[in-house]
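To start, the structure itself, in C-alpha cells.
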2 protein chains.
Amino acid sequence: MEPRKRSQRAVVLLSGGLDSTTLAYLLDAYGFVLYGLSFRYGQRHERELEAARAIAEKLRFAEHRVVTIDLAQWGGSSLVGSGEIPRQPTSGIPSTYVPVRNLVFLAIAHAYAEAIDADAVAIAVSQVDYSGYPDCRGEFLAAYQQAADLASRRFVETGRRIPVLAPFLDVPKSAIVRLGLRLGVDYAETWSCYRGGERPCQECDSCRLRAQAFAEAGVPDPLLQR
Amino acid sequence: MEPRKRSQRAVVLLSGGLDSTTLAYLLDAYGFVLYGLSFRYGQRHERELEAARAIAEKLRFAEHRVVTIDLAQWGGSSLVGSGEIPRQPTSGIPSTYVPVRNLVFLAIAHAYAEAIDADAVAIAVSQVDYSGYPDCRGEFLAAYQQAADLASRRFVETGRRIPVLAPFLDVPKSAIVRLGLRLGVDYAETWSCYRGGERPCQECDSCRLRAQAFAEAGVPDPLLQR
C-alpha cells in the first residue's frame, strides 16, 4: 500500500474541558495535525478558553482559532443568559441547554475544515454520561453528517466527505478519564465548571458529571488537589 | 376550527438581495411576524446589509439582528477572500462558493428561532436559476431539517419542529421577480452584486442571474434605471 502523501488534518472542537482535551490527546496520539476551534459564544467566563489555549499550545496545534459568535443575544439558556445555573440535577433537558449549540459549532467547524481541506472534524460528545442535550446524541450526528455532506462542494464534486469523528459517543466519562491519564493529560489544566470562579463550584451539572467520572475511575481530580 | 392564539413568527434569512427581499414580502403577506437575521461574515462590502436594514424597517420587522461571524478568516472563497470574483460564468461550482455557508446560516437561524420559540425559519434559496452552490439544493435542505430537528430540545420534548420554509426552491428567478412586483417590492432597494460599487458591476454571477430574471420577467431592473 502506498503510504499517505501527507499527514491527516483534523479540526477539533476544543472547549478546554475534560472530554475535548482528552479528544485532542487521542487525535494527537493517532498522528493527526490538529487545527483547534474554540468559541466565545457568550458563556459566563473565560476560564475554559484559557484552558483551551494552554492545551493547544502544549500539543503544538498547527492552528488554534477562537471564533466569536454571540449565541447569548436572544437568550434561551441559563448558560449564556442571566438565569440561575441549577445547583441540583433536574429531570429532562436542563436550562443550561443552549439552543442547537453543537449544530452551530459543527457547521462552523465544517466551514473551517472545508476551507483548509481537512480530513476530519472531531467532537467530544458522549451520550453515556451527559446532561441530556439532544445535540450530543448519535442520531443527531448521523443526520448532521448527511446535511454537512450535501452542503459541501468537496463532497459533491469528489465524493470525499469530511467525517465527524466522535470517538467518545458511547464511552462512559470514567473511561475517558482513564484513557486521558494513559495519554498524559494533566486534568488540572482542564476546566469543566459552568461557573468561572477560582475553584470549580462542585454543584453544577458539569462539575457533578466530572466528579462522578473521577470517582468511577478511582482517581482524584487533580484540579481539586491544587 | 379554533383560531390560532397568536401570530405565527418566522426567522427570515435576509441578505438584502432580490430573493430574500421577495421572501420577506411573501411572509409578510402571509401574516407572519418577522424576525430578520443578516450576517456580516466577511463579505467585501456593506451594501447588502444596508439594503437588508432598509427592508426590515419598511416591513416593520419585530426584530432585525445582524450577526457577525467571520467566515473569511480561513479563506476558501473568492467572495470573502482576496481572490478575483469571476467576470465570466464558469463551469461547475464557482469560486464565490463560501464553504457550507447556508449550513452555518441556517444553524444560527435555528438557534435564534428556538430561543424565541418561532414557528419557522425561512430561506430564499432556489435550485432553478442559481450558481450551483450545493447548499442551495433541496436534498441538502431535507437532510438539514432532520439534523436541526434532532438537535432541538423543543422537537425532542414536544415533537414540534421548526420547519425550514424555502418557498422559492423550485421557482425560477423571473417568477420571483413577478411575485415581488405584485407584492410591492421596490427592487431599486435591493442589492445583488457581489461587488459593492456605486452601481452593480453587471459582470459577476449574481448580476448575471439578476439581469436574466428581469429580462425573462419582461420588466426593467429599477436598480439600473436610477
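What relative contact order, as a whole-number percentage, does chain B give when Cα pairs under 8 Å and 6 or more residues apart are counted? Each step should come with its number before you reach the end.
Working: 386 pairs, mean separation 53.2, N = 226.
Answer for chain B is 24 percent.
Here is the list for the range A:57-114: GluC sites (Glu not before Pro) lying in DSSP coil, each with at most 11 other C-beta atoms within 10 angstrom of its C-beta, are A:84. With the convex hull constructed from alpha-carbon coordinates only, the range B:77-157 shows a mean projected area of 6.3 nm² over all directions.
Would you mind getting me the FRET efficiency between residue A:29 and residue A:157? Use the beta-carbon distance for r and R0 = 35 Å, nearest 0.05.
With a Förster radius of 35 Å, E is 0.60.
The charge dipole of chain B, taken about its Cα centre with unit charges on the Cβ of Lys, Arg, Asp and Glu (plus for the first two, minus for the last two), comes to roughly 300 debye. For residue B:39, the residues 5 or more places off, or on other chains, whose built amide H falls under 5 Å of its own are B:67. Other residues whose C-beta falls under 14 angstrom from the C-beta of residue A:64 contribute a net charge of +1, scoring Lys and Arg +1 and Asp and Glu -1. Report the net charge of residues surrounding residue B:128, where surrounding means a beta-carbon distance below 13 angstrom and charges are Lys +1, Arg +1, Asp -1, Glu -1. For residues surrounding residue B:128, the net value is -2. Normalised by 2.2 N^0.38 Å, where N is the number of residues, the C-alpha radius of gyration of the range B:100-226 stands at 1.22. About its Cα centre, the range A:169-226 has a charge dipole of approximately 60 debye under the convention of +1 per Lys or Arg Cβ and -1 per Asp or Glu Cβ, with nothing else charged.
Computed over the alpha-carbon atoms, chain A gives an Rg to Rh ratio of 0.95, Rh here being the Kirkwood radius from the mean inverse distance. Extension gain, residue A:130 to residue A:46, is 28.0 nm, computed as 0.36 nm per intervening residue step minus the present C-alpha separation. Using the Cβ-Cβ distance between residue B:54 and residue B:195 with R0 = 22 Å, the FRET efficiency computed as 1/(1 + (r/R0)^6) comes to roughly 0.70. Coupling constants for the range A:58-72 follow from the phi torsions by the Karplus curve (6.51 cos²θ - 1.76 cosθ + 1.60, θ = phi - 60°), and in residue order they are 4, 8, 6, 4, 5, 7, 9, 10, 10, 9, 9, 8, 7, 8, 9 Hz; glycine and proline get x. Here's how it looks for residue A:33: its modeled amide H is under 5 Å from those of A:8, A:9, A:10, which are all 5 or more places away or on a different chain. Placing +1 on the Cβ of every Lys and Arg and -1 on the Cβ of every Asp and Glu, with no other charges, gives the protein assembly as shown a dipole of roughly 140 debye about its Cα centre. Here, the protein assembly as shown yields an orientationally averaged convex hull projection of 23.7 nm² when only Cα atoms define the hull. In terms of surrounding Cβ atoms within a 10 Å radius of their Cβ, B:91, A:152, B:126 rank from fewest to most as B:91, B:126, A:152.
Given the -39500 (n - 2.57) contribution per DSSP H run of 4+ residues, what per-residue ellipticity at 222 nm results for chain A, rounded to the nearest 500 deg cm²/dmol? Walk me through the intermediate numbers first.
Values: 8 runs with 88 residues, N = 226.
Calculated mean residue ellipticity at 222 nm is -12000 deg cm²/dmol.
No value in this document is a laboratory result; all are computed from the given coordinates. Owing to the predicted nature of the structure, the values given are computational and were not obtained by experimental measurement. Here Cβ is always computed from backbone atoms with ideal geometry, including for glycine, and neighbour counts include all displayed protein chains.
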